[in-house]
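What follows is a set of notes on a single structure, which appears directly below.
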Amino acid sequence: MENTYHHSIDAKGRLFIPVDLRMELGQTFYVTLSTERCLSAYSSESWERFKEKNRQMSQVNQKKMRPLFAMAAKRELDSQGRINLPQQLRDFADLKKNVAIVGVGERVELWDSETYADIAAREMEPENIAAVFNELEF
């Protein structure tokens, strides 16, 4: 999943998920907090792997993951390809109206469009890309 789309949250808190990302996520998927000021969406299969990895951690480390699981919302696409985003998750990611929907490997990130534009501009600088390639030994 490596695509970026822009859609708006409607007055009822619903967000359209693009078709190709829906195909990757499935009809039912999970949305939760991220390590940045955005949300992450995982297919049911990815979420199960995530939960299994958590189950294998020590209890101390499982507690560190508590916010991620406590805030997770199981979402199902409606007939128009939308999901309802709980207010608490929208508040965490500062999602008010315009949302950047970004496919990133096995997850989809949901960003405030303006915030994402700022981050993407920095991340897409040739110097940054070169530094990342070097750091990750690509």
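Read the figures in this text as sums done on the coordinates, not as results from a lab. What you see is a predicted model, and the numbers here were worked out from it, not measured in a lab. Note that we place each Cβ from the backbone using ideal geometry, even for glycine, and neighbour counts take in every protein chain shown.
So the values come out like this:
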read-out: Meets criteria (touching a residue at least 12 places away in the same chain (Cβ under 8 Å), out of contact with any strand residue (DSSP E or B) (no Cβ under 9 Å at 6 or more places or on another chain) and either surrounded by 10 or more Cβ atoms within 10 Å (Cβ to Cβ) or of a type in the set (A, V, I, L, M) (or both)) for ASN61; value: no
read-out: Hits in the stretch 9-21 (condition: farther than 12 Å from VAL108 by Cα, surrounded by 13 or more Cβ atoms within 10 Å (Cβ to Cβ) and not aliphatic (A, V, I, L, M)); value: GLY13, ARG14, PHE16
read-out: Residue list for the stretch 22-52, restricted to those being in a loop (DSSP other than H, G, I, E, B) and either over 8 Å from the mean Cα position of the chain (by Cα) or surrounded by fewer than 18 Cβ atoms within 10 Å (Cβ to Cβ) (or both); value: GLY26, GLN27, THR35, GLU36, ARG37
read-out: First in the stretch 77-102 and at positive phi, second anywhere and hydroxyl-bearing (Ser, Thr, Tyr), Cβ under 6 Å, 6 or more apart; value: none
read-out: Residues of the stretch 1-32 that turn out to be within 17 Å of ASP112 (Cβ to Cβ) and touching a Phe, Trp or Tyr at 6+ places or on another chain (Cβ under 6 Å), as a count; value: 1
read-out: Hits in the stretch 104-132 - residues which are in contact (Cβ under 8 Å) with a residue 12 or more places away in the chain and in a loop (DSSP other than H, G, I, E, B); value: GLY105, GLU106
read-out: Subset tally (residues that are among the charged types (D, E, K, R), surrounded by 17 or more Cβ atoms within 10 Å (Cβ to Cβ) and closer than 14 Å to ARG37 by Cβ) for the stretch 79-138; value: 3
read-out: Filter result (in contact with an Asp or Glu (Cβ under 6 Å, 6 or more places away or on another chain) and either assigned to a helix (DSSP H, G or I) or over 20 Å from ALA11 (Cα atoms) (or both)) within the stretch 53-103; value: VAL102, GLY103
